[in-house]
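Just so it is clear, none of the values below were taken in a lab; they were calculated from the coordinates. All figures in this text were calculated on a predicted structure; none of them were measured in a lab. Neighbour counts run over all protein chains shown; Cβ positions are idealised from the backbone, glycine included.
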Amino acid sequence: MTELETLKQELKKINQEAAGVRDLPVEKRAEFGRKINAQKQEILAKIAAAEKALVDIAAEPIDITAWSGVNENMPEFYPAEMGSKHPLMTELDKVIEIYQMMGFEVMESRQLDDEYHMFDSLNFAKEHPARDGYDTFRTEEGLIPPAHTSTMENRALKKFKYKLEQGEPLAVVIPGRVYRNEDVDATHEHTFYQCEGMFVSETCTLGNMLGVLREFFERYYGQKLEIRTQPGYFPFTEPSVELLIEKPKSLGGKKGDWLEMLGCGMTHPNVLKMAGIDPEKYHGFAWGGGIERLVLLKYALGDIRQFEGGNLNFLREF
């Protein structure tokens with residue numbers, strides 16, 4: 001029985017004793033009443049203090065990052081098994097490491113953004129269907145959980161354009177979580193990770209972009225790969241293409257097997273203008289692709305939902 005429950009039992013007992021006052025002689029009732037009332041007030045004060053203590057405990061914030069440790073007195077209830085890094089984070093670190101070795105800065109994306117960075121700064125026309133709430137989530141305040149890491153392009157261009165002024169190229173990759181209004185199945189998730197890349201200089205070309213991307217995929221999959229492109233459309237690049245790679249041998253790929261990996265293209269002049277960069281002097285290219293797709297192919301996994309499912313048997317495989 002808790003302290004509060006014990007005090008309430010005592011209060012109940014005192015109330016029962018108080019009811020016996022009518023059985024006492026008249027001359028003894030006053031003294032008895034004073035004694036019983038003093039006991040009752042003391043118990044009520046203790047009950048109030050105990051209830052306040054419970055409220056204070058409930059209101060105390062919990063540090064979910066605090067190390068809980070193992071209770072030596074009850075080891076059977078607190079197994080000492082340690083956790084591990086999520087496979088997506090492990091692979092994302094590898095992706096970032098490859099780009100860093102190629103000279104790219106890293107800039108993290110964000111969880112909420114606004115209409116300007118999500119659409120306006122990326123050359124989306126006002127009537128473009130991607131602005132429709134059916135394609136992206138929106139909060140009641142009008143903020144948008146980013147549907148692509150391209151939402152950071154304007155910020156990245158403004159942050160690193162000082163490099164252009166110093167005669168250096170602007171090179172940055174932007175990893176982050178994105179959100180789509182998708183019907184979830186084995187190949188589609190409403191929440192997943194992307195990695196955006198941007199490069200701007202006075203002389204860069206589409207050929208430079210294809211060279212960077214080919215180098216990345218060959219390093220990531222650990223083999224020489226052929227690449228090809230097909231026409232695509234993105235408001236923030238012109239021309240826009242979709243990049244395909246030769247299916248890796250680790251997945252049983254053979255000559256003529258192709259996999260579409262990401263969208264890319266030369267940065268649209270309007271995007272450079274929105275960041276205060278002269279498109280007559282500078283040129284750029286950009287790309288963006290999903291991290292889950294990279295990992296699914298690398299390990300021949302069949303269901304993208306496994307990454308968010310919390311299945312420990314699946315996670316322990318990594």
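Which number comes out as Rg/Rh for the stretch 187-234 once both Rg and the Kirkwood Rh are worked out on C-alpha atoms?
On the way: Rg = 13.6 Å, Rh = 13.4 Å.
Taking Rg over the Kirkwood Rh, I get 1.02.
Panel note: the C-alpha atoms of the stretch 197-280, placed on their principal axes, show extents of 47, 22, 15 Å (largest first). Comparing mean-square fluctuations of I96, I43, I144 from a GNM of the chain with C-alpha springs under 10 Å, the top value falls on I43. The slack between H190 and L112, meaning 0.36 nm per residue of separation minus the straight C-alpha distance, is 26.6 nm.
Legend: ranking of residues E218, E91, E165 from fewest to most surrounding C-beta atoms inside 10 Å; resulting order E165, E218, E91. Ordering D113, D23, D120, D93 by the number of other Cβ atoms within 10 Å of each residue's own Cβ, fewest first, gives D23, D93, D120, D113. Straight-line reach from K163: which lysines have Cα under 23 Å away, leaving out those fewer than 8 places along the same chain? Reachable lysines: K273, K281. Dipole size of the stretch 87-316 about its Cα centre, with +1 on Lys/Arg Cβ and -1 on Asp/Glu Cβ: approximately 740 debye, rounded to the nearest 20.
Can you tell me how much longer the chain between K94 and R305 gets when fully stretched, taken as 0.36 nm per residue apart minus their C-alpha distance, in nm with one decimal? Write out the running numbers ahead of the final one.
Working: separation 211, 0.36 × 211 = 75.96 nm, distance 2.13 nm.
Result: 73.8 nm gained on full extension.
Bridging of K40 to lysines at a Cα separation below 17 Å is possible for K8, K12, K13, once same-chain residues fewer than 8 apart are set aside. Here the stretch 252-318 and the stretch 139-186 have alpha carbon centers that stand 13 Å from each other. Going Cα to Cα from K224, which lysines come in below 30 Å? Please leave out same-chain ones fewer than 8 positions away. Within reach: K85, K94, K247, K249, K254, K255, K298. For the stretch 243-310, applying the loop criterion from DSSP together with a ceiling of 11 other beta carbons within 10 Å to the trypsin sites (Lys or Arg not before Pro) yields K254, K255, K281. For the stretch 23-56, backbone nitrogen atoms closer than 11 Å to the point 7 Å from I14 Cα along Cα-to-C-beta are found at 35-48. Counting only the Cα atoms, the chain fills a convex hull of 250 Å³ per residue.
Shape of the stretch 3-59 from its Cα gyration tensor (a ≥ b ≥ c, root eigenvalues): rounded if a/c is under 1.5, otherwise prolate when a/b > b/c, or oblate? Write down the numbers at each step before the final one.
Working: a/c = 5.81, a/b = 2.97, b/c = 1.96.
It comes out prolate by the Cα gyration axes.
Fewest to most neighbouring Cβ within 10 Å: what's the order for S150, S109, S201? Spell out each step's value before the answer.
Details: S150 30, S109 22, S201 18.
With the sparsest Cβ surroundings first, the list reads S201, S109, S150.
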